[in-house]
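Step one of this worksheet: look at the structure below.
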Amino acid sequence: MNDITTAPSATYRLQLHAGFTFDDAARLCDYLSELGVTHQYCSPYLQAARGSTHGYDVIDHTRPNVELGGEEGWRRFVAALRAAQLGQVLDIVPNHMAISSPENWWWADVLENGPSSHFASYFDVEWEPPEARLRNTVLIPILRDHYGRVLEAGELAIVRQGAEFKIRYGDNTYPVSTSSLGPILGRAARQSGSDLLAFLADAFSGLPRPTATDRASVRRRHRDKAVLREQLRRLLEEDPFAATAVDQVVSEMNSDPDTLHALLETQNYRLAWWRSADRDLGYRRFFDVDTLIGLRMEDEQVFQDTHRRVLEWVREGVLDGLRIDHPDGLRDPLEYFDRLRAAAPATWVVAEKILEPGEQLPREWPIAGTSGYDFLNRVMGLFVDPEGEVPLSEFYQAFTGQTADYPHIVRDKKVQVLREVLGSDVNRLTNLLLQICEQHRRHRDYTRHQLTDALRELIAWFPVYRTYIQPYSGKISESDRRNIETAVCAATKERPDIEETLLEFLRDLLTLAVTGDLEKEFVARFQQLTGPAMAKGVEDTAFYTYNRFIALNDVGGDPSRFGTSVAAFHDAAEITQREWPLTMLATDTHDTKRGED
């Protein structure tokens, strides 16, 4: 990383939101400079969902957040940084986008146009699940009760906004597919006697279907619907009789659950009871947050479209560094970092990577290091007396009656979240594994239940957040191979009721001993699931149930490891200085569970 020319020596992180804007940050520049800070380290500030307090729910990668002051506020902030001779590090979010707001026009286009959307390939959506009822359909689990009950209670309605039609549920709106407008306009044409309305009804019905993904059909659908919508807009503005007829039809449909249901069945999404997300969700999320959808950052076009503005700021010298949020969610983190490094060769880049004790950051990643969880846990360990472990453990066991050791608690909590929180993710992986087993005659008789059980157990014993195997190029490191072997051995020992040959088959799949198109896809998806299982099972569950000494229960920590010797601390510092001299050293972050005091 010798080509990095802008590495900070001291950063100060600012959490921007509507109550602390670009102008508020600008007013701190002189003060921070006097403190010796060299770079302001900003939370994500591209356009986020309205009311966001953190900025990780990005809806538009092309502009600064208007709630923070927008373009003008951002320019004032940059000017203040320069006047104070401060650099800037920005936290960016490549893994996911927010879909809670209709202002995310990429996602709105997907809902309106389905697989034929220009942006359908941008999101990690499974358009062809095994369940026929969900094919080419995005499940939106937002309803307070079962769909039919909500529909019959009159809580779903069509609304017209000019020439656009939407489905409204509470404060949420979803676009109506343009190719499904024919029946609405046709009924209105018959009531009003409008020939132009009848023509538009036929034309909308004749648009290429949302499932048509060949280039010619996609081009024709988007071209024609734009022209037709403009014609409809003019008609509704200029012909009050036609507009009144359309509104009358809309009102009639809203009062008739059967007719409204028929329209909803033609959409590219399926509104459903919120609990449906537990098993049937057809897209990758950020952990278990249904409103944060995974991006297919492995697609070159997705990378370019999401990073264009940030890379412009890098080239203009506005940004000196980037903190990459949750790279473990990406399909291929190395490919991402290589692409980012090629676009920003002299920029200081750190990854929000949680390393388990003894785990090393992949040496081939072309970055400066991590965002500091590893360092803060080593520092914490200096303040813990190892001699206190035995008496504290004896007291804790006597007081709580808890006899399970920490590794088994982690296993149990990971299984719990895989069953109760990440069930949809496990189901999608199981579906793929079923297809693979069907192609291998020695394994085709395994049931869905057996495969699900084996996957849960294997992931539960995984010793790190994830591996970094590149199945399409056949690359696997020795450390990844060891971690897979460790998990398989533990699952085999702890669950003798799971067929050993099944766990061995999973090992062979993950270590690329058995390979093929489906097998490679399985490895890629498996690696994107182990991280959320660790995060939800350990950080959000085990850390709040294993309370022997809660100071150790922090991100990147291991509560079963009691203290760090001074010698071990210095050894780790020496390795860091030699291998990652420009990494971030933090004693606290916005994600840690405990304050550094």
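The values are calculated or read from the model by the stated rules, or taken from the named source; none is laboratory data. Please read all numbers here as calculations on a predicted model, not as lab measurements. Note that we place each Cβ from the backbone using ideal geometry, even for glycine, and neighbour counts take in every protein chain shown. Heavy atoms of the whole protein, side chains included, go into the accessibility calculation; ligands, DNA and RNA do not. Shrake-Rupley method; radii C 1.70, N 1.55, O 1.52, S 1.80 Å.
When Leu582 is tested against (1) closer than 15 Å to Phe375 by Cα; (2) of a type outside the set (Phe, Trp, Tyr); (3) out of contact with any strand residue (DSSP E or B) (no Cβ under 7 Å at 6 or more places or on another chain); (4) open to solvent by 40 Å² or more (accessible area, probe 1.4 Å), exactly one condition is not met: (3).
Filter the range 456-482 for residues that are in a helix (DSSP H, G or I) and touching a helix residue (DSSP H, G or I) at 6+ places or on another chain (Cβ under 6 Å) and give the result. Matches in the range 456-482: Arg456, Glu457, Leu458, Ile459, Ala460. Each residue in the range 29-62 was checked for being open to solvent by less than 40 Å² (accessible area, probe 1.4 Å), among the β-branched types (Val, Ile, Thr) and closer than 25 Å to Phe119 by Cα, and 2 of them qualify. For the range 174-199, enumerate the residues that are of a type in the set (S, T, N, Q) and either under 17 Å from Arg229 (Cβ atoms) or open to solvent by less than 40 Å² (accessible area, probe 1.4 Å) (or both). Of everything in the range 174-199, those that are of a type in the set (S, T, N, Q) and either under 17 Å from Arg229 (Cβ atoms) or open to solvent by less than 40 Å² (accessible area, probe 1.4 Å) (or both) turn out to be Ser177, Thr178, Ser179, Ser180, Ser194. Filter the range 430-462 for residues that are touching a Cys at 6+ places or on another chain (Cβ under 6 Å) and either of a type in the set (Gly, Ala, Ser) or open to solvent by 70 Å² or more (accessible area, probe 1.4 Å) (or both) and give the result. Once the filter is applied, which keeps residues that are touching a Cys at 6+ places or on another chain (Cβ under 6 Å) and either of a type in the set (Gly, Ala, Ser) or open to solvent by 70 Å² or more (accessible area, probe 1.4 Å) (or both), the range 430-462 yields only Arg444.
Search the range 138-194 for residues being hydroxyl-bearing (Ser, Thr, Tyr) and assigned to a loop (DSSP other than H, G, I, E, B), and hand back the single one that is farthest from Trp274 (Cα to Cα).
Taking the range 138-194 as the starting set, the residues that turn out to be hydroxyl-bearing (Ser, Thr, Tyr) are 147, 169, 173-174, 177-180, 192, 194.
With assigned to a loop (DSSP other than H, G, I, E, B) added as a condition, the list becomes 177, 194.
Details: Ser177: 23, Ser194: 41 Å.
The selected residue is Ser194.
Of the residues in the range 69-123, how many are of a type in the set (A, V, I, L, M, F, W, C), within 22 Å of Val314 (Cβ to Cβ) and touching a residue at least 60 places away in the same chain (Cβ under 8 Å)?
Residues that pass the stated criteria total 6.
The selection criterion, being open to solvent by 40 Å² or more (accessible area, probe 1.4 Å), in contact (Cβ under 8 Å) with a residue 60 or more places away in the chain and either among the aliphatic types (A, V, I, L, M) or part of a helix (DSSP H, G or I) (or both), does not hold for Arg507. Going through (1) at pLDDT 95 or above; (2) crowded, with 17+ Cβ neighbours inside 10 Å one by one, Asp305 falls short only on (2). Number of residues in the range 585-597 that are open to solvent by 50 Å² or more (accessible area, probe 1.4 Å), under 14 Å from Arg323 (Cα atoms) and touching a Phe, Trp or Tyr at 6+ places or on another chain (Cβ under 7 Å) equals 1.
Would you call Leu271 among the hydrophobic types (A, V, I, L, M, F, W, C) and either open to solvent by 10 Å² or more (accessible area, probe 1.4 Å) or closer than 30 Å to Val421 by Cα (or both)? Taking the combined requirement at face value, the residue satisfies it. Exactly one residue out of Val417, Val421, Val384 is among the β-branched types (Val, Ile, Thr), under 30 Å from Ala573 (Cα atoms) and out of contact with any strand residue (DSSP E or B) (no Cβ under 8 Å at 6 or more places or on another chain): that is Val384. In the range 21-51, the residue that is nearest to Asn104 (Cα to Cα) out of those that are of a type outside the set (D, E, K, R), part of a loop (DSSP other than H, G, I, E, B) and in contact (Cβ under 8 Å) with a residue 40 or more places away in the chain is Ala49. Which of the residues that make up the range 68-120 are part of a helix (DSSP H, G or I), open to solvent by 30 Å² or more (accessible area, probe 1.4 Å) and either within 22 Å of Leu295 (Cβ to Cβ) or among the β-branched types (Val, Ile, Thr) (or both)? The answer is Trp105, and nothing else.
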